[in-house]
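Taking it in order: structure first as structure tokens, then the write-up.
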Amino acid sequence: MRRFKTSSRQQEEIMIELDFEKTGGLLPAICQDAETGEVLMLAFMNKESWEKTLETGMATYWSRSRQELWTKGLTSGNVQKVKEIRVDCDDDTILLKVEQIGGAACHTGHRSCFHKLVEGDKLTVVGEPVFDPKEVYKK
């Protein structure tokens, strides 16, 4: 198992026992840029993707649409190298602090999946895509 950043002020060490059962086997995983704090995306992890992330140090999720493990960036090259992992107080939400390699976390080519700003009753796309998804995914 890989070791990730720990605090020098760490008060107690406890075993990791995430509660996958509470939410039907999938836990929300918030992905944040480790340096800037920018929220890049929200995905889901099952026990297998959690264990693969711990083992490899690369963010691996469960694709609900494809029903398979999904290591972020294997197709696009925009991989997420995990720098730190936090778990919420109820052991049912994961926060990954990552180094976003390749510049974009979103499949639309934007840096963040949260590139739509609510302005009144409209959405405004903020920022330009870093890559063209039609080129990268050949769809």
State, as an integer percentage, the relative contact order of the chain based on alpha-carbon contacts under 8 Å between residues 6 or more apart. 22
Using a 10 angstrom Cβ neighbour count of at most 14 plus a DSSP loop assignment to flag exposed GluC sites (Glu not before Pro), which longest range of the chain is free of such sites? 39-139
In a GNM of the chain with a 10 Å cut-off on Cα contacts, which of 65, 112, 49 has the highest mean-square fluctuation? 65
Cut-off 13 Å between beta-carbons: net charge of the residues surrounding residue 102, Lys and Arg +1, Asp and Glu -1: +1
Compute the helix-to-body angle for 47-56: its Cα long axis versus the longest principal axis of the chain, expressed 0 to 90° and rounded to tens. 90
Report Rg (one decimal) and Dmax (nearest whole number) for segment 20-139, counting Cα atoms only, units Å. 14.6, 44
If you place +1 on the Cβ of every Lys and Arg and -1 on the Cβ of every Asp and Glu, how big does the dipole about the Cα centre of segment 27-137 come out, in debye to the nearest 20? 280
When the chain is modelled as a GNM with alpha-carbon springs shorter than 10 Å, which of 58, 15, 45 fluctuates the most? 15
Just to confirm my understanding: which cysteines in the chain have no other cysteine beta carbon less than 4.7 Å from their beta carbon? 31, 89
What is the extension gain from residue 55 to residue 81, computed as 0.36 nm multiplied by their sequence separation minus the C-alpha to C-alpha distance, in nm to one decimal? 8.2 nm
Once you place label points 7 Å from the Cα toward the Cβ at residue 88 and residue 39, how far apart are they in nm? 1.1
Could you tell me which trypsin sites (Lys or Arg not before Pro) in segment 31-96 are loop residues by DSSP with no more than 14 other beta carbons within 10 angstrom of their beta carbon? 64, 66
Within a Gaussian network of the chain (alpha carbon springs, distance under 10 Å), most fluctuating of 80, 67, 32: 67
Treat each spin label as a single point 7 Å out from the Cα along the C-beta direction, and report the residue 128 to residue 66 distance in nm. 2.9
Taking the simple approach of a point 7 Å from Cα along Cα-to-Cβ for both residue 95 and residue 119, what is their distance in nm? 3.0
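None of the figures in this text is laboratory data; all of them are computed from the coordinates on show. Model, not experiment: these values are computed from the prediction. Positions of Cβ are generated from backbone atoms using ideal geometry, with glycine treated the same way; all protein chains shown enter the neighbour counts.
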